[in-house]
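For reference, the structure discussed in these notes is given below.
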Amino acid sequence: MSATVADQGAARPVLRVGVIGLGEVAQVVHLPVLASLPDLFEVRAVCDLSPTLVQQVGDAFGVPHRYATATELIGAGDLDAVLVLNSDEYHTECAVEALEHGLHVLVEKPMCLSPREAERVIEARDRSQRTLMVGYMRRFAPAFLEAKALLPELGGITFARVHDVIGRNQLIVDQTSHVIRPTDLGRAALEERWERGRRLVTEAIGDVPAPLAGAYRLLCGLGSHDLSAMRELLGPPAGVHAARMWRDGGWIAALLDYGDHVVSYETGVDEQVRFDAHLEVFGQHASLRVQYDTPYVRHLPTTLHVERTDGEALTRSVLRPHLKDPYTYELEDFHACITTGRAPKTSAEDFVADLDLFAELVRHLQK
């Protein structure tokens, strides 16, 4: 590891980081957050298939080493860790290669698209004895953690709801950020990515019609945030009561079995410039809702809304524990896991639980 800096009397190593994939989320979120944590990270290298992104994003963030492929970046050395932010179809390939070279890895959700890929990642992590964290930033928000602490006060859960209905991310990003969108990727590269994705989805759920494959990709992408947070808050469901999709798999609703109550899950993407994502839990004596805003506008707070009945009075309160964005908390935790040897809560095995739930939802969507 590279040089250390003092932090309240203790020395913490500054980790040398490489960023694989320089698209929207890297430009708007990860690179600015890394730049805001100079006591923890130094971005030493970036790579992308687009020469335009490599040059312009590298210049914008002053990154010294720039590569066309992940293999070149990983093989060049001089790194402690990588962030895998490229297209989902390539997450496994890059994570495994980095682990095999002794690097720690933060891989954006979804970690992978098929159970076989998950096995490869877990085997590579175990061989390397390095940290592998999945990028589920919503689970690091202080409001979410406060909700977990308040659950026992609800007096027994009667119902819960997981809701994520948003406009396309670009609608928000285009109003708030400058993003370089390259035009120098050849048709062959795009077709190879699409074909790889098709093969991986077929490997995971079989040769299904295109709308069902689209629903699976929606679950692996947007849905993985919601269902992962639900599992941490409420535990895993016993099964799926029912599920339905419409608009070619772009919208999904389901009822999940929790024994003495159910969880309603609903998600979809439209053309409205808004972001409505929340987890709401109802109890006998109180209820709570964790309300998320778009992560593409940094420092919009995640809030916790609590309702309680006290005697004859109903009280409502809104908690905003901190303005620091969940991505920053996530990267701070990634650093802590690496430097202390603590296992991340958003582990590869944790993600496999989501893959299993996605497959179960797809089985019900086929009925």
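The values are calculated or read from the model by the stated rules, or taken from the named source; none is laboratory data. Nothing here was measured: the structure is a model prediction, and the numbers come from that model. In this analysis, Cβ positions are derived from the backbone assuming ideal geometry, glycine residues included, and neighbour counts consider all displayed protein chains. These accessible areas exclude ligands, DNA and RNA; they are computed on the full protein's heavy atoms, side chains included. Shrake-Rupley method; radii C 1.70, N 1.55, O 1.52, S 1.80 Å.
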What ³J(HN,Hα) values, in whole Hz, does the Karplus curve 6.51 cos²θ - 1.76 cosθ + 1.60 give for region 60-75 when θ = phi - 60°, with x put for Gly and Pro?
4, 10, x, 8, x, 10, 9, 9, 8, 9, 5, 4, 5, 4, 5, x
For the chain, share of DSSP beta bridges that run antiparallel, in % to the nearest 5:
60 percent
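Can you list the GluC sites (Glu not before Pro) in region 294-367 that are in a DSSP coil and have 11 or fewer other beta carbons within 10 angstrom?
On the way: sites: Glu307, Glu312, Glu330, Glu332, Glu349, Glu360; in loops: Glu312.
The qualifying sites are Glu312.
If you roll a 1.4 Å probe over the chain with all protein chains in place, what percent of the accessible area is carbon or sulfur?
Numbers: 8060 of 15820 Å².
Here carbon and sulfur together make up 51 percent of the probe-accessible area.
With a 1.4 Å probe and all protein chains left in place, how much accessible area per residue does the chain have, in Å²? Mind dumping the intermediate values first?
Values: 15820 Å² over 367 residues.
Value returned for the chain: 43 Å² of accessible area per residue.
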If the reach is capped at under 15 angstrom between alpha carbons, list the aspartates and glutamates near Lys345, excluding any in the same chain fewer than eight residues apart.
Glu108, Glu232, Glu330, Glu332, Asp333, Asp354
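Please pull out the direction-averaged projected area of region 132-223, using the convex hull of its alpha-carbon atoms, in nm² to one decimal place. Walk me through the intermediate numbers first.
Working: hull surface 42.0 nm².
About 10.5 nm², averaged over all directions.
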From the protein chains alone at 1.4 Å, what is the descending order of accessible area for Asp184, Asp260, Asp325, largest first?
Asp260, Asp184, Asp325
Spatial separation of Cα centroids for region 31-97 and region 333-367, in angstrom
23 Å
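From the alpha carbon gyration tensor of the chain, can you work out the equivalent ellipsoid semi-axes (sqrt of 5 times each eigenvalue) and give them in Å, largest to smallest? Don't skip to the answer; put the middle values down first.
Values: eigenvalues 219, 132, 78 Å².
Ellipsoid semi-axes (Å, largest first): 33, 26, 20.
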As an exercise, take the mean of 1/r over every pair of distinct alpha carbons in region 148-307, invert it, and state the Kirkwood radius in angstroms.
17.8 Å
